[in-house]
Every structure is written in structure tokens, then in C-alpha cells.
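Working notes, beginning with the structure itself.
Each reported figure results from applying straightforward, stated rules to the coordinates on display, with no laboratory input. In this text the structure is predicted, and so the values were computed from the model without any measurement. FYI the Cβ positions are ideal-geometry reconstructions off the backbone, even for glycines, and counts take in every protein chain you see.
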Amino acid sequence: MAVREERAVWVEQAQDLQLAGKFSREDVEKIVEECAQLGATKILWLLKARVADTASVLWYGSKVGDAHPAAESYDGLDDLVQLARARGIEVHAYFSVFPEGDPNAKDLAAGQAVLAQHPEWAVVDVNGKPTTFVCAGQPGYREYLLNLVNEVLDAHDLDGIHLDFIRYPRAACFCDRCLGQIKERFGLDRDDVVGLLERREFTSLSYDERAIALHQADSLIDYYCENVHQTVKSVRELIDERFASKKLSAAVFPNIRSSTSQVYCDWVGFSQYLDFVCPMVYWYSEEYFHRTVERLHRVVEGKTLLLPGISALGYPHGLAEKNENFHPTAPDHDYVRTLIEDTRAIGTGGFALFHHAPIFGHEPGHYTQTEWGAPLPQEGLSEFLEYLAR
């Protein structure tokens, strides 16, 4: 018997519609129908994310956290599960984990945002300024995340949890907890962390001195990566304990060589806890995509299912025509189809598309905006759908 190709599709259109004040069951029906035309086997439905630079909010009725006011009247989640299940499509709750947004944002009441209630949870940058990310090492936030996961799986007949932004924000964290842990474990103070990770002041050192400094830097990188690792592990343990049939997955950076040192996400290390992983191989050239996906497939084979993320956003990357690793123009349906063919040649068993709305030409709304919602040119849509239906 032929193995069914896995096709995951990220869906963010509900937020645009909710913010426009016109989200209904009919919209959910249309989204599910369009995902079915793509042959989707998994819908990754956004439930936790911020709106541009506003506070992080939930897009479903929650008793644990605060839903956006636009989602309070209708969140579509139960209708989604019913409609998708009738077509044999899984539904996974998609959480943008660590970004929590502006604590003073106006979309929630004053003091209601997570980082307004717990400013101590924020990643603090090298200049001592709190960011809009939460530090992965904060036990209170991890408990909050687990309560959200428990709530949504308990209340809705979902197939799993999908973790995005399961990382640091391209910078080390200088919060009080991190600095205390680093001092206790490695004997390093704040200036040491700055020199080792933010400035990498090795050029004046001898080779022996540099070796010691690099070992110290490696200890710091491992510390931050372990914070993320333990978060993923704790979600896996909760699912195994209370929701044994449910799946856990994650969207991650594609370059495993730099992911650990740039955003402290050692996803190969925590892939053992995942049922599938979606490296976001977005906007890349065909050659780079093939080289990267082939390598990742070899690395995770036997540990988890690899579903490479393909960009379906209709604008070029900022490095297009400047860096040969990137596709020189805006993606179109032919570009997406070419990369899908590559996943088949490599034998990944499937792929993931980011995201549903641009493929079908839906204009971006207040949530996705042009940056995350620019539609593909529509003249190739019919042929693309026919290709996927074969």
C-alpha cells in the first residue's frame, strides 16, 4: 500500500478576518475547502500570536490567558475540527511561543498583557532593555504555556500542538535569572557574557586563550539552548501524560549549523520529542533548498518526520539577487511546485506550505499585513491545484 504524502498547511487568515469583524463558520468552511484542494493532511491553525507590535494574545476562548477581543464572539475552532475531520484532515493548534509583544499595547486592557503582569519574564538585551520575547528559562512562563496546552487539548478535539518561535530572539538574555544561573554554573558575569557572545572579542587572544574562551562561549550557548530544550521536553511530557494520542511538532530555522548559536534552538537535539518538524526553508534557491533538505533528512531520519517548510509568499527575500542561496525573484506557484518535487526526490515523505491564504490570492489583512500575507500571482493557481490533485 502506498504511503500517503504528508502535507501540512499553516493557516493565519482567521486573524485577518477576526480583526476585520467578519469571521464566521462560512469562512472556516472556505478555508477548509481550500486546504483540501491543496491535499492538506494537517492544518496548523494559529491560536497564539501577536498582531504586529501589539501584545501577544490568544485567538480562542481561553480561561488561562487573554483572548483578543475580536476572537471572543467566534473563534471557529470547534467548527474547524468538525469540518476538517470530515475531510480526513488533522488540526494542530499553532502557537507562536516566546514572542509576547508590547506589554503596553492597546488591544488589551492596561496591565492585562503577559509581560505587563510579569515583566521579569522578558528577555533583556545587551543594553539592559526588556524585549518583547519571554526568556525560555523562566519556570513561571513555562507553567503558563503548559496550562495553555493542557486547556486547548482538553477542551477541543485537536490532533496536536505545533510550536513556532521556540527560540531566543537572535540575542543572549541578560535577565536577572539568566545572569544568576550563569554566574553560579560557570563563574561568568555580565561583561563576560557580552564579550563571549555579543562581541566575540577573541582576536587579541593567543590560540590557547582562544580555546578557553570558546569553551566558555560554548557553555553559554548550551545554557540557552537547554532552556529551549527543556520547554519542548515539558510539553512532550504533558502530552504523553494526559493526551497520549496527540502529536507535537515545531517550526524551526533550517540551518542547523547556526540555529544553536544565533537563536539558541538546538532542534536536532529536541527532535526526539517531535512527531514532525518543519524547517522553514523559505525563499531559498532550488540548489540551496535541495542541499539543505537532503542534509536535514539524513540528520533526523529515524527520529522524526521532516516536512520542509516552503514559502508561498509573493515577494522576494531582501537578499534576492544579492546572495546566491536565495531565489532571485518572488516565489510563484511554479517555484512552490519545483520545491515540492524536490522533497519527493529526496524522500522526506511530505512538505509544509506557508501559508494557505497567499496561495489562493487572499489579500493580507491587519494581522498578516503584506510582510506575511503577500499573495502569489494567481495566473498559475489552477495548474498548481491540478498538479497537487494528481
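Go ahead and run the numbers for FRET between residue 291 and residue 219, Cβ-Cβ distance against an R0 of 45 Å, rounding to 0.05. Could you put the intermediate results ahead of the total?
On the way: r = 31 Å, r/R0 = 0.69.
After rounding to 0.05, the efficiency reads 0.90.
Are there any trypsin sites (Lys or Arg not before Pro) in segment 104-187 that are in a DSSP loop and have at most 16 other Cβ atoms within 10 Å? List them by number.
Passing both the DSSP loop test and the Cβ count: 106, 170.
Ranking 226, 301, 324 by Cβ neighbours within 10 Å, fewest first, what do you get? All intermediate terms of the calculation are to be shown ahead of the outcome.
Numbers: 226 17, 301 13, 324 10.
Ranking 226, 301, 324 by Cβ neighbours within 10 Å, fewest first, gives 324, 301, 226.
Give me D for segment 1-152 in µm² s⁻¹, whole number, from Stokes-Einstein with Rh from the Kirkwood sum over alpha-carbon pairs, 4 °C and 1.567 mPa s. Show your work: numbers first, answer last.
Numbers: Rh = 16.6 Å.
In µm²/s, the coefficient rounds to 78.
With 10 angstrom as the radius, rank 60, 223 by how many other C-beta atoms surround their C-beta, starting from the fewest.
In order of increasing Cβ crowding within 10 Å: 223, 60.
What number, rounded to the nearest 500 deg cm²/dmol, is the helix-based mean residue ellipticity at 222 nm of the chain, given -39500 (n - 2.57) per DSSP H run of at least four residues and division by all its residues?
-12500 deg cm²/dmol
Between 0 and 90 degrees, rounded to the nearest ten: what's the tilt of helix 139-155 against the longest Cα principal axis of the chain?
The answer is roughly 20 degrees.
Using alpha-carbon pairs under 8 Å, 6+ residues apart, how would you state the relative contact order of segment 5-81 in percent?
Once divided by the residue count of segment 5-81, the mean separation gives 33 percent.
Quick one: if you stick a label point 7 Å off each Cα along the C-beta vector at residue 337 and residue 143, how many nm between them?
5.4
Given R₀ = 56 Å, FRET efficiency for residue 378-residue 185 by Cβ-Cβ distance, to 0.05? Before the final figure, lay out the partial values.
Numbers: r = 55 Å, r/R0 = 0.98.
Once rounded, the FRET efficiency stands at 0.55.
Can you tell me the length gained on complete extension of the stretch residue 323 to residue 208, counting 0.36 nm per residue apart and subtracting the Cα distance?
Net length gain for the segment: 37.9 nm.
List the aspartates and glutamates whose Cα sits under 15 Å from the Cα of residue 42, skipping any in the same chain fewer than 8 residues away.
Result set, ordered by chain and number: 5, 6, 12, 33, 34, 90, 157, 159, 275.
Please go through segment 232-291 and write out the chymotrypsin sites (Phe, Trp or Tyr not before Pro) that DSSP classes as loop and that have at most 14 other C-beta atoms within 10 Å.
none
Can you pull out the trypsin sites (Lys or Arg not before Pro) in segment 251-347 that DSSP calls coil and that have at most 11 other Cβ atoms within 10 Å?
322
Using alpha-carbon pairs under 8 Å, 6+ residues apart, how would you state the relative contact order of segment 324-390 in percent?
32
For residue 386 and residue 253, compute 0.36 nm times the residue count separating them, minus their Cα-Cα distance, and round to one decimal in nm.
Additional length available on full extension: 44.8 nm.
When DSSP assigns beta bridges and you keep just the ones with both residues in the chain, what percent turn out antiparallel, to the nearest 5?
Beta bridges within the chain, antiparallel portion: roughly 20 percent.
Mind jotting down the three principal axis lengths of the chain based on Cα atoms? Whole angstrom, largest first.
61, 48, 39
Give me the percent relative contact order of the chain, please, defined on Cα pairs under 8 angstrom at least 6 residues apart.
So the answer I get is 17 percent.
Treating cross-link reach as a plain straight distance, find the lysines whose alpha-carbon is under 22 Å from the alpha-carbon of residue 106, omitting any fewer than eight places away in the same chain.
List returned: 22, 48, 63, 129.
Taking neighbour counts of Cβ atoms within 10 Å as a proxy for exposure, in what order, fewest first, do 338, 368 appear?
338, 368
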